[in-house]
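Only one structure is covered here, and it is reproduced in the block below.
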Amino acid sequence: CGRTVEPGQVGVKISRFGNAGVSQQPLGNGWHMLGFGESIETYPTITRTYSFTRAPDSRGPENEEIVFTDRTGLPMTADVAVTLRVEPPRVPALWTKYRLSFEDLLDGPIHNDIRMFVAEQTERVSVEELLAGGRQAVIGRAFAQLRAKWAAEGVTITSLNWVGQIRFPDVIQQAIINRTRPDQQRLAA
């Protein structure tokens, strides 16, 4: 009739009967007694990095790549990684607002916001700007938006980065190859 909150975690006690609701006092490490109709949801408080990729990973086989367009509507995809941690005093309010486990919060609202902010920033630039080094500026602006939104919720986001290259449509890839081929041949000669 209890649950342990492990080191690197914080707990939230949820009561379903009597004085029902979410305790606004976060539970620290250790064993906590549970009454009838009570449960504890745990959130990690250590800094963790998550990658949203096309390839299967330890979290499952889902394709989690980010899909976006440039300002002309040209579709592209990319993998991104986010580094974050939950602020322990804010966990009860976070649970009260979203009613999601940490994994579901990451896979739902946070992942959706990453997609939305990256898409919002890439729609302001052309594919040429992304190819000419503009991709870091785009991810930097998306990171600033993401960090500001989730800081208010009690989630500290410390980085948002591209994982690998942006995947352009085949037509664009071929145009890039055709454009760079003369330079490569000149260097080889």
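Per the helix-only calculation at 222 nm, which mean residue ellipticity applies to the chain, given -39500 (n - 2.57) for every DSSP H run of n ≥ 4 and division by its residues, nearest 500 deg cm²/dmol? Walk me through the numbers on the way to the answer.
Working: 5 runs with 60 residues, N = 189.
Helix-only estimate at 222 nm: -10000 deg cm²/dmol.
In this calculation the C-beta distance from Asp104 to Val163 is compared with R0 = 35 Å, giving a FRET efficiency of 0.95.
Taking all protein chains as present, what is the carbon and sulfur share of the accessible area of the chain, in % to the nearest whole number, probe 1.4 Å? Exposed carbon and sulfur together represent 54 percent of the surface. Shape analysis of the chain yields a ratio of the Cα radius of gyration to the Kirkwood radius, Rg/Rh, of 1.14.
For the chain, hydrophobic long helices are taken as DSSP H runs at least 20 Å long by C-alpha position along their axis with mean Kyte-Doolittle hydropathy of -1.0 or more; these are 135-151, 170-188. Between Asp170, Asp107, Asp79, find the one with the highest GNM mean-square fluctuation for the chain; connect C-alpha pairs within less than 10 Å. Per the Cα network of the chain with a 10 Å cutoff, Asp170 tops the list. Separation of the range 140-175 from the range 65-106 is 10 Å, based on Cα centroids. In this label model, Glu129 and Arg54 are separated by 2.4 nm, measuring between points 7 Å along each Cα→Cβ vector. Dipole magnitude for the range 97-158: about 200 debye, using +1 per Lys or Arg Cβ and -1 per Asp or Glu Cβ, origin at the Cα centre.
The values are calculated or read from the model by the stated rules, or taken from the named source; none is laboratory data. Keep in mind that what you see is a predicted model, and the values were worked out from it rather than measured. Methodologically, a virtual Cβ is constructed for each residue, glycine included, from the backbone with ideal geometry; neighbour enumeration extends over all protein chains shown. We work out accessible area using only protein heavy atoms, side chains counted, and drop any ligands, DNA or RNA first. Shrake-Rupley method; radii C 1.70, N 1.55, O 1.52, S 1.80 Å.
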